[in-house]
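The numbers here are math on the coordinates, done by the rules we state, and not lab data. Note that this is a predicted model, so its numbers are computed, not measured. Because the Cβ atoms are built from the backbone with ideal geometry, glycine has one as well, and the counts that use them run over all protein chains shown.
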Amino acid sequence: MGTIENGHDIPLPLSVQRRRNLPAGAALSWLAAGWRDLRHSPVPSLLYGGAVFLVSLGIVWGLFRYELDYILLPALAGFMVVGPLLAIGLYQKSRAIEAGQPVSLLRMIFVKASSGGQVWYTGAILCLLMLVWMRAAVIIYALFFGLRPFPGLKDVLTMLVSTPEGWAMLLVGTVAGGLFAAFSFAISIFAIPMLLDERVDAFTAMGTSISLVWNNLPVMLAWGAIVLALFLVSLATGLLGLIVVFPLLGHATWHSYRAIK
């Protein structure tokens with residue numbers, strides 16, 4: 001892309017090249033496109049969502065089984081950090097539909113990314129980011145409540161909303177969690193689909209993802225709000241909603257990548 005000046009092709013600044021001027025409402029069209037892909041051969045998508053639900057349920061059970069319930073809330077928040085990596089099979093299905101290729105659950109599970117192992121390198125970075133967030137959440141708790149034992153999920157909400165320390169922790173934790181979520185969203189939302197679709201390295205994909213998010217902020221803020229709202233709906237159903245919500249968001253994310261890349 002460029003402009004013509006004095007007979008020469010002058011390249012536009014990179015920030016301009018990556019600005020699509022999409023309205024915030026375009027996020028709803030991505031969601032609609034994701035719904036179409038979900039309805040196209042729905043069984044593989046729903047089985048994929050069911051697998052994510054069962055794994056999530058197993059992790060929650062393990063946290064309670066081994067008395068690690070104090071990290072449950074940050075772990076649930078961290079799910080959104082690694083979500084784009086877990087959805088790579090759904091991107092593969094949407095890409096196959098787009099190319100007129102057959103859809104199968106095996107191809108969704110055993111994905112062959114164009115970038116090879118770079119996608120798993122990016123996944124390792126996202127998992128590390130999730131671990132950092134979980135450790136940060138524990139440190140924030142300790143800063144406000146010291147070495148006081150975790151009271152359990154039944155009492156922690158009362159403690160948070162009925163004490164000054166609890167309100168302060170909620171404020172700091174929300175800000176810190178928001179920063180972690182925004183950063184992970186920016187580096188991964190387009191990086192994983194790009195690594196599946198193109199031969200690029202992990203850092204190029206993550207840097208490009210950040211640039212695309214920043215230069216298309218209104219529509220990406222709307223998309224982030226939709227993702228968060230549907231994830232909260234899944235939590236409200238005891239994670240059961242992930243069976244449908246996760247594939248829906250996965251397919252829709254592929255269309256967001258196609259619209260903005």
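When Tyr48, Tyr66 are arranged by Cβ crowding within 10 Å, least crowded first, meaning fewest neighbours, the order is Tyr66, Tyr48.
Ordered by the count of other Cβ atoms within 10 Å of each Cβ, fewest first, Met220, Met80, Met159 give Met159, Met80, Met220. A simple spin-label model places the labels of Arg107 and Ala142 4.9 nm from each other, with each point 7 Å out along Cα-to-Cβ.
Each helix, a run of at least 4 DSSP H residues, gives -39500 (n - 2.57); summed and divided by the residues of the chain, these come to -24500 deg cm²/dmol at 222 nm. Taking Lys and Arg as +1 and Asp and Glu as -1, the other residues whose beta-carbon sits under 14 Å from that of Leu106 total +3. Which residue fluctuates the most in the chain, going by a Gaussian network model with Cα springs under 10 Å, if the choices are Ala137, Ala229, Ala26? In the Gaussian network model the winner is Ala229.
For segment 69-84, the Karplus equation 6.51 cos²θ - 1.76 cosθ + 1.60, evaluated at θ = phi - 60°, returns couplings of 5, 5, 9, 4, 4, x, 5, 5, 5, x, 4, 6, 6, 8, x, x Hz by residue, with Gly and Pro reported as x. Taking the chain as a Gaussian network of alpha-carbon nodes connected by springs under 10 Å, the highest mean-square fluctuation of the residues Leu147, Leu195, Leu235 belongs to Leu147.
Taking the number of Cβ atoms within 10 Å of each Cβ as an exposure proxy, the fewest-first ranking of Lys261, Lys93 is Lys261, Lys93.
Relative to the longest principal axis of the C-alpha atoms of the chain, give the angle of the C-alpha long axis of helix 26-39, reported between 0 and 90° and rounded to the nearest 10°. So the helix axis and the longest Cα principal axis differ by about 90 degrees. On a 0 to 90° scale, report how tilted helix 88-98 is relative to the longest principal axis of the chain, with both axes built from alpha carbons and the result rounded to the nearest 10. Between helix and principal axis, roughly 30 degrees.
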